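Computed from the coordinates by the stated procedures, all read-outs in this text should not be read as laboratory data. Just so we're clear, the structure is a prediction, and the values are computed from it rather than from any experiment. We place every Cβ from the backbone using ideal geometry, glycine too, and count neighbours over all the protein chains shown.
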Amino acid sequence: MKIRNKKVMAALSYPDAINVYVDDDVKIGKGTTVEPGVHIKNGAQIGKNVIIRPNSQISNSIIGDNCEIDGAIIRDSEILNNVFAGTNSLIRDGSCIKKYSRIGNLVEVKNSIIGEKSKISHFSYIGDSTIGENVNIGASTVTCNYDGQKKHRTVI
């Protein structure tokens, strides 16, 4: 195992410690499970009772309590409590996923706010957007609002 922080080691539940990579500046709450192939780095903060499934990558981000990260990449973003982020999803560049939301497989979220209890099920790109509460974004949805000179925010 590549964990240098003894406090992190005490809090973790890990089924395959040899294949978990956690930087020494990372904070992880009690009851969190980290599965094989996970990389957590650059001061990331993970809440309590989180499940981080294989091959997830979390960098410079905050993950709230009771979340499930299932093979997602999360960079420079905040995930609030009770959120699911699915396989091969990418959440990056200042995004905020609010409570009880669901980011499905192969979804990319960039510089966006996803409201409470909203769902983006799969195969979508949500960029520079504000998505309200209880919104259901269908498959293959793309939000981008660039006029050739400036990016503009999309609000749903």
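Listed values, structure above:
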| read-out | value |
| --- | --- |
| Rounded FRET efficiency, nearest 0.05, which uses the C-beta distance separating Lys27 from Arg153 and R0 of 22 Å | 0.10 |
| Residues in segment 97-117 reached by a label modelled at Asn145 [backbone nitrogen below 16 Å; 7 Å Cα→Cβ] | 110-115 |
| Rounded to 5, percent antiparallel among DSSP beta bridges of segment 11-156 | 0 percent |
| Paramagnetic reach from Ile18 in segment 43-78 [backbone N under 18 Å; point 7 Å along Cα→Cβ] | 54-55 |
| Charge tally in the Cβ shell below 14 Å around Lys117, where Lys, Arg are +1 and Asp, Glu are -1, Lys117 excluded | +2 |
| Stokes-Einstein D (µm²/s) once Rh is taken as the Kirkwood radius of the chain over alpha-carbon pairs, at 4 °C in 1.567 mPa s | 84 µm²/s |
